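The values are calculated or read from the model by the stated rules, or taken from the named source; none is laboratory data. On a predicted model such as this, the values are computed, not experimentally measured, just so you know. FYI the Cβ positions are ideal-geometry reconstructions off the backbone, even for glycines, and counts take in every protein chain you see. Surface areas here come from the heavy atoms of the whole protein model, side chains and all, with no ligands, DNA or RNA. Shrake-Rupley method; radii C 1.70, N 1.55, O 1.52, S 1.80 Å.
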Amino acid sequence: MVLTSLPTGIYLLALSLFCACGCIAEETSFEISSTGTITYIDLEGGFYGLVTLDGVKYLPLDLPDEFKQDGLKVDFSGVIDPDIMTIQMWGQPIKILSITNNQGFIISDSWYDGEEDLSSEQEMEQATLLLRSSAALSKTLDDFDAKIAEHAAEMKGLNLKDEDIRPYLQKICEENPAVLLVSILDRTGTIIQISHARFDSSIGVNVRDQPLVDSVVINPVPGMSNIIKCIEGEDVIDIIYPLYSSSLSVTGYLSVLAEPALLVESALGSLTKEKEMTIMVTQPDGTLIGYSGELPLSSFSDNTTVQKISGVGTSPAASYVAGHDMLSLGESVSPGKEKYPVYWNTVSLHGTPWRVLVF
């Protein structure tokens, strides 16, 4: 009897474990609802993921094409099934049940409501140019910033008041035509060294009234400003890095003033050749940083680089990180073209955003 009952017991035990496993597997699939951002992931040929406000990553298995926009904020619900395997190896796979954008504009096939219809080829060309220009500008800013970080590291432990510092600051100016002025600030935000002798009158001036300088003095981390006026009246941005002693205490700050229009030109200058499109880079408030192509504003001359464009600062392009819409560029537009179908995206350096608009 023992010999015949043993297989039966094993069979029943295996059956019970199988049923239990089945119950557990069913319980691991569950529905969630959340708010997140569509994020393009440049891995395995490229795909779109979802990142929630608290940083959880989801891989949508059936994301509608109209929502495949990097930076788009959405509300979504879906079913998570951890048993699903994907080649991307990124995030938790999720089957989308519902998804809507929450950026204040409608995503649809008829988003352009102007006098001339854009073909699907034109829309694709415009969207592709946006991705290329955003990537190019982001790389230019990152490379420029990395060079400044390298110089800051090389100055570790130096006597910042040594006269030999000035030739080094001049060398930084000569490396990139966009750099206008390089200076060293002490721990209070006072200029103690400057790259060119003609600016010596600025030595001893405390510039802590500038928001970025005040911020880095309080919290010594790298930063980039919005557009400010330099001592010669030029419109510039300021990138600041803390400088350290050999014992890693902060001794001062390296400040690099650069002309943002030249950075934009170096990044985007070749992208609009033989294309009837314009790339415009602005601050979120509508201040024009630079552009490539023909700027359709009669009030702008060829040598104008920084002005505030009415209309941009109140448009969706100023409020949301990415999207597409009709954009009015203010009153000074070409006759018959008061609005433009535009795609926009956001790039940033040290938390300071620049809008890239293609129209």
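In the set (1) open to solvent by 40 Å² or more (accessible area, probe 1.4 Å); (2) modelled with pLDDT of 90 or more; (3) in a helix (DSSP H, G or I), the condition left unmet by Ala149 is number (1).
Contact annotation: residue pairs with Cβ atoms under 9 Å, 6 or more positions apart or on different chains, pairing a residue in the stretch 252-265 that is over 22 Å from Ile184 (Cα atoms) with a partner that is acidic (Asp, Glu) and surrounded by fewer than 23 Cβ atoms within 10 Å (Cβ to Cβ), are Ala261/Asp235. Here Gln69 passes the criteria (1) touching a Phe, Trp or Tyr at 6+ places or on another chain (Cβ under 7 Å); (2) modelled with pLDDT of 70 or more; (3) open to solvent by 20 Å² or more (accessible area, probe 1.4 Å) except the one numbered (1). Determine, yes or no, whether Thr278 is surrounded by fewer than 16 Cβ atoms within 10 Å (Cβ to Cβ), modelled with pLDDT of 70 or more and among the hydroxyl-bearing types (Ser, Thr, Tyr). So Thr278 fails the test. Within the stretch 173-182, being in contact with a strand residue (DSSP E or B) (Cβ under 7 Å, 6 or more places away or on another chain) and either farther than 15 Å from Leu243 by Cβ or open to solvent by 10 Å² or more (accessible area, probe 1.4 Å) (or both) holds for Cys173, Ala178, Val179, Leu180, Leu181. Can we say Ser328 is more than 20 Å from Leu271 (Cβ to Cβ), surrounded by 18 or more Cβ atoms within 10 Å (Cβ to Cβ) and either modelled with pLDDT of 55 or more or under 17 Å from the mean Cα position of the chain (by Cα) (or both)? No.
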